[in-house]
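Readers should treat all values here as calculations from the given coordinates under stated rules, not as data from a laboratory. Quantities reported herein were computed from a predicted structural model and do not represent experimental measurements. Methodologically, a virtual Cβ is constructed for each residue, glycine included, from the backbone with ideal geometry; neighbour enumeration extends over all protein chains shown.
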Amino acid sequence: MVHRSASPDRQPAGAAAPREVVVVAAAESLTDADLVERARAGDRWAEEVIYRRHVAYVGWLVVRLIGRHHDAEDVLQEVFTIALEHLRSLRDGTAVRAWLTQIAVSRARRRLQRRRLMRLCGLDRGADDATLASLASNGCSPETHAELRLISDALGALPAGARIAWTLHRVEGLTLDEVAAACRCSLATAKRRVAAGDQRVRGPAARAAGEAKAS
């Protein structure tokens, strides 16, 4: 599926340029819209380039949304499997990244909801190894790490929709309009979900700041 690798043109025997260099050079000359058009026509190489071009962004997005590396790997595969199988449904070939973000948000929400149900049943034994604190720069102060740990705990108590909307807006920097598009909800709903996240996070953040001042 996404780990295929096929060059658009067969190289002559004894070609000096490494195959990877040729693939990258050919890919850079094509827009997302070009690649989508070729992939819709059955070009497996174009599918591979779409994957390579966007996998890092989608991968890190999913990690930050769900907070677990192992789960994120599964979700990442799901995202690109769904995307490549339904590429014909993408109306605007220039909007590949936004479309992948929508799929990633949908799959992340499903994973978080499933995890919440398993936790209620006492069946969730996994550990969150990709929290905001663990992903923060090593140059952050101990106080900042403590604050991020509290924020991560607060986000973990939120419903999946609010957690995702807050992360997209406050961590990823998407506008509220972009959050609404990614979550496929109204702007009012996006604002409400982000506000719910703000309310949940505000307490831990303030408490961490107070503890830092007192120490």
Residue span Cys140 to Arg202: 0.36 nm per residue of separation minus Cα-Cα distance leaves a gain in nm of 20.3 nm
Here the net charge surrounding Leu100, from other residues whose Cβ is less than 12 Å away from its Cβ (Lys, Arg +1; Asp, Glu -1), is +1
For Ala195 and Glu73, extending 7 Å from Cα along the Cα-Cβ vector and measuring point to point gives, in nm, a value of 4.1
Proxy exposure order for Thr167, Thr189 (fewest C-beta within 10 Å first) is Thr189, Thr167
Simple SL model, points at 7 angstrom along Cα→Cβ for Leu187 and Ile82; separation in nm is 2.6
Ranked from fewest to most other Cβ atoms within 10 Å of their own Cβ, His70, His169, His145 fall in the order His70, His145, His169
When Ser134, Ser29, Ser106, Ser141 are arranged by how many other beta-carbons sit within 10 Å of their Cβ, fewest first, they go Ser29, Ser141, Ser134, Ser106
